[in-house]
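Participant: So that we are looking at the same thing, I have put the structure below in structure tokens.
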Amino acid sequence: MAMAAAQFYDLEGCGVLITGGGSGIGAALVEGFARQGAKVAFIDIAEVESRALVDRLTPEVAHVPYFLKADLRNVSDTALTVDRAAEALGSLSVLINNAARDDRQPLEEVTGESWDENQAVNLRHMFFVAQAAVPHMRRSGGGSIINFSSIAFMMNMGDIPAYATAKAGIIGLTKSLAGRLGPDNIRVNAVLPGMVVTERQKKLWIDDATIAAMIEKQCLKQVLVAEDLVGPCLYLASGCSARMTAQTMIIDGGVF
Ligand SMILES: NC(=O)c1ccc[n+]([C@@H]2O[C@H](COP(=O)([O-])OP(=O)(O)OC[C@H]3O[C@@H](n4cnc5c(N)ncnc54)[C@H](O)[C@@H]3O)[C@@H](O)[C@H]2O)c1
């Protein structure tokens, strides 16, 4: 696995909460932060994948990642889960809002319910997890929140109206939270991945032709994998980016 070569010493022993850490990019982040010596907790709805990840990392890292099962669509449950995570970690300094579900839906099939459900799974929880995390971060003297958006919302993709709306909304949320939380020394930035080839993407949406078409658009001609998002998130979490907030960081191999 291509892991970040750099060591971020300030992340050692640091409390990190990752949503959607059970698979895909989130799992790479759980592993990447745990390998830095960070104390990692992650929330996911997928129990089997999440437990398998913890089992795999248990013999290999100083602090075994702590898995909390929860459905992030449930706002009150989510706040309690964040409190439990912070308690398990001892302190909380980094939040990575990563969980999402990129359902495709043709325009004609979108209903009021499906629209709300899409915002609940892709956007709403990012605010409420942050809201619950902030008091813990204040107690730590500050922190870093990293919200996962996507370049997808800038690509005029017609079959993801609700997802694209949520991913664009995350930029607005990032900037508003950055403004509100800057005085508390809590930084808030967004990451916009390009096409990252994960198991779910391969199973549901992309094939060799889609990948080739995206690589054609990229400056760099390599496929992006989940581990490629680890380094940028370590940087945004660490003091190396201490004066960086309200920004969007595109990691797409150079499409935009
Ligand atoms: N893979 C890509 O190409 C790509 C591109 C751009 C942006 N992104 C963004 O990166 C992030 C991670 O994407 P990924 O491809 O790794 O996704 P993924 O679907 O592989 O993983 C998402 C994780 O979130 C969890 N999750 C989903 N709904 C949940 C809920 N209601 N409660 C708790 N957990 C829930 C899933 O179980 C899963 O483990 C997302 O925000 C996604 O929008 C991904």
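The values are calculated or read from the model by the stated rules, or taken from the named source; none is laboratory data. Everything numeric here is computed off the predicted structure, so don't read it as measured data. Heads up, the Cβs are rebuilt from the backbone with ideal geometry, glycines too, and the neighbour counts pull from every protein chain shown. Protein only, heavy atoms only, side chains kept; ligands, DNA and RNA dropped before computing areas. Shrake-Rupley method; radii C 1.70, N 1.55, O 1.52, S 1.80 Å.
Participant: Which FRET efficiency, nearest 0.05, do Ser76 and Ala213 yield, Cβ-Cβ r, R0 45 Å? Kindly include the intermediate steps, with their values, before the conclusion.
Facilitator: Details: r = 43 Å, r/R0 = 0.95.
Given R0 = 45 Å and the Cβ-Cβ separation, E is 0.60.
Participant: Here's a follow-up. Pairs Lys39/Lys202; Lys39/Lys203; Lys69/Lys203; Lys39/Lys69: which exceed 29 Å Cα-Cα?
Facilitator: Lys39/Lys202; Lys39/Lys203
Participant: Determine the per residue accessible area of region 10-251 with all protein chains present and a 1.4 angstrom probe, expressed in square angstrom.
Facilitator: 44
Participant: Show me the GluC sites (Glu not before Pro) within region 44-94 that DSSP assigns to loop and that have at most 12 other Cβ atoms within 10 Å of their Cβ.
Facilitator: Of the GluC sites (Glu not before Pro), the ones in loops of region 44-94 whose Cβ has at most 12 other Cβ atoms within 10 Å are Glu60.
Participant: On a straight-distance basis, which aspartates and glutamates could pair with Lys217 in a cross-link, Cα separation under 19 angstrom, same-chain partners fewer than 8 positions away excluded?
Facilitator: Asp207, Asp208, Asp228, Asp252
Participant: If the only charges are +1 at each Lys and Arg Cβ and -1 at each Asp and Glu Cβ, what is the size of the charge dipole of region 10-251 around the Cα centre, to the nearest 20 debye?
Facilitator: 780
Participant: Taking 7 Å along the Cα-to-C-beta vector as the label spot, tell me the Val223-Asp55 distance in nanometres, rounded to one decimal.
Facilitator: 2.6
Participant: Any idea what the relative contact order of region 10-251 is, in percent, if you count C-alpha pairs under 8 Å spaced at least 6 apart?
Facilitator: It comes to 20 percent, rounded to a whole number.
Participant: Right, next: Along its three principal axes, how long is region 153-254 when you only count alpha carbons? Whole Å, largest extent first please.
Facilitator: On the principal axes, region 153-254 reaches 47, 29, 23 Å in Cα extent.
Participant: Let me ask another. Going Cα to Cα from Lys175, which aspartates and glutamates come in below 16 Å? Please leave out same-chain ones fewer than 8 positions away.
Facilitator: Asp184
Participant: Could you work out how much longer the chain between Val48 and Cys240 gets when fully extended? Use 0.36 nm per residue separation minus the Cα distance between them, nm to one decimal.
Facilitator: Gain on stretching Val48 to Cys240: 65.6 nm.
Participant: Just how far, in whole angstrom, is region 25-92 from region 179-226 if you go by their alpha carbon centroids?
Facilitator: Measuring centre to centre over Cα atoms gives 21 Å.
Participant: Leu123 accessible area, nearest 10 Å², 1.4 Å probe?
Facilitator: Answer for Leu123: close to 40 Å² accessible.
Participant: Report the FRET efficiency, 1/(1 + (r/R0)^6), for Arg101 and Ala5, where r is their Cβ-Cβ distance and R0 is 22 Å, rounded to 0.05.
Facilitator: 0.10
Participant: So, in nm, how far is label Thr111 from label Lys69 when the simple model puts each one 7 Å beyond its Cα toward the Cβ?
Facilitator: With each label placed 7 Å out from Cα toward Cβ, I get 2.8 nm.
Participant: Something else about it: Using 0.36 nm per residue, how much length does the chain from Ile171 to Glu199 gain when fully extended, once their Cα-Cα distance is taken away? Please report the intermediate quantities before stating the final value.
Facilitator: Working: separation 28, 0.36 × 28 = 10.08 nm, distance 2.61 nm.
That works out to 7.5 nm of additional length.
Participant: Out of Ile186, Ile170, Ile206, whose Cα points farthest toward the positive end of the dipole of region 158-208 (charges: +1 Lys, Arg; -1 Asp, Glu; placed on Cβ)?
Facilitator: After comparing all options, I get Ile186.
Participant: If you roll a 1.4 angstrom probe over the protein chains with everything in place, what fraction of the accessible area of the chain belongs to carbon and sulfur, to the nearest %? If you can, show how the numbers build up before the last one.
Facilitator: Details: 6260 of 11490 Å².
The nonpolar share, carbon plus sulfur, comes to 55 percent.
Participant: State the Kirkwood hydrodynamic radius of region 10-251 in Å, one decimal place, computed from all pairs of distinct Cα atoms.
Facilitator: 18.0
Participant: Add +1 for every Lys or Arg and -1 for every Asp or Glu among the other residues with Cβ under 14 Å from the Cβ of Gly172, and state the total.
Facilitator: In short, +4.
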